[in-house]
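Single-structure report; data block below.
The values are calculated or read from the model by the stated rules, or taken from the named source; none is laboratory data. Quick caveat, the model's predicted, so the values are computed rather than measured. Backbone-built Cβ (ideal geometry, glycine too); neighbour counts: all protein chains shown. Only protein heavy atoms, including side chains, enter the accessible area calculation; ligands, DNA and RNA are left aside. Shrake-Rupley method; radii C 1.70, N 1.55, O 1.52, S 1.80 Å.
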Amino acid sequence: IVKSSGRETMTTEQIKGKKMGHIFYITLNRPEKRNAITVEMMTGICEMAEAQMADPEIRAIIIKAEGPIFSAGIDFMALGAEVGPLMGTADGGGARLRALIHKYQQYMNRLEAVELPIICAMHGKVLGMGTEMILACDLRVMSTDCRWGLPELRLGLIADLGGTTRLTRIVGQARAMEVLMTGNEFSADQALSWGLINYVVAEDELLQTAEKMANDIAKCAPLAVGATKKILKRGEGVDLMTQLDMEVNLQSILLKTDDCQEGLTAMMEKRAPLWKRR
């Protein structure tokens with residue numbers, strides 16, 4: 001961890017992390033490999049995102065990438081090194097392979113569980129595991145040139161890190177069937193019209209658009225933002241009354257917070273609130 005001008009910067013070889021005001025940036029930094037994602041990269045992304053919960057100043061996380069594309073997906077050489085030794089006949093009916101896939105799934109679940117909004121700013125291409133990663137995040141922006149897809153079926157595989165489940169929940173079954181069963185690449189405009197992303201913008205406006213979303217979020221009470229994310233994410237698939245109970249329980253907690261009192265006081269005094277995330 002390096003501190004510079006009061007701003008904290010975290011850097012690894014393949015991932016860069018930097019705090020700027022209320023935003024924490026996570027940058028995929030493997031352009032020579034088309035930002036192909038390794039286990040180490042996913043571990044770093046999750047750890048960086050989770051660590052921001054300890055900083056009361058952070059209101060949102062933006063994931064972006066260096067180089068010509070956002071991510072080509074999983075690093076197949078790194079994957080082969082893990083899968084290869086498990087391909088023997090003494091695997092107990094595939095138990096070790098299932099455990100490995102489950103481990104990868106947990107990275108996506110960890111991202112989804114972070115109570116800070118995570119915004120993905122994508123350009124060039126986002127494929128395979130890269131697409132599955134952005135599906136586990138909350139808000140998505142693409143540049144006009146961006147192409148995306150889940151080509152796993154063309155390799156004899158399925159999108160097993162939430163690609164089938166999260167994509168269906170976001171765009172609906174018919175669209176998900178097309179994306180998954182053709183393995184085609186799709187345009188940013190299609191992603192927008194199908195509800196996968198929030199905005200399509202020129203590449204030179206991509207980061208600015210993501211930052212505007214983050215700064216708008218920063219105006220709202222951070223505990224309430226986190227509670228809303230939890231209700232929306234954990235409420236998927238539950239019955240109406242269960243989700244309403246989630247609203248009741250979380251609201252009863254928020255009503256007792258300092259931030260709630262600050263929000264009400266700021267409204268009465270006609271000023272901007274000073275959130276403390278407590």
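Of note:
- Sorted on the mean count of surrounding Cβ atoms within 10 Å across their residues, most packed first, peptides 225-237, 57-69, 258-270, 20-32 read 57-69, 20-32, 225-237, 258-270.
- Among the listed pairs Lys19/Lys229; Lys219/Lys270; Lys18/Lys276; Lys19/Lys270; Lys125/Lys230, those beyond 26 Å (Cα-Cα): Lys19/Lys270; Lys125/Lys230
- Solvent-accessible area per residue for the chain (1.4 angstrom probe, square angstrom): 51 Å²
- Distant-in-sequence amide contacts of Ile62, defined by a placed amide H-H separation under 5 Å and a gap of 5 or more residues or a different chain, comprise Phe24, Tyr25, Ile26, Ile119.
- Residues of the range 129-145 with amide N under 15 Å of the 7 Å Cα→Cβ point at Arg169: 132-139
- Ranked packing of 246-256, 121-131, 197-207, most packed first, by mean Cβ within 10 Å: 121-131, 197-207, 246-256
- J(HN,Hα) series, the range 22-28, from Karplus relation 6.51 cos²θ - 1.76 cosθ + 1.60, nearest Hz, glycine and proline x: 8, 10, 10, 9, 10, 10, 5
- For Val83 and Asp258, the FRET efficiency from 1/(1 + (r/R0)^6), where r spans their Cβ atoms and R0 equals 45 Å, is about 0.35.
- Using θ = phi - 60° and Karplus 6.51 cos²θ - 1.76 cosθ + 1.60, couplings along the range 228-239 (whole Hz; Gly, Pro as x): 5, 4, 4, 4, 5, 6, 6, x, 5, x, 8, 6
- Surface composition of the range 112-186: carbon and sulfur make up 54 percent of the accessible area, probe 1.4 Å.
- Close amide H pairs (under 5 Å, H built 1.01 Å from N) link Val201 with Met142, Ser143, Thr144, residues at least 5 positions away or on another chain.
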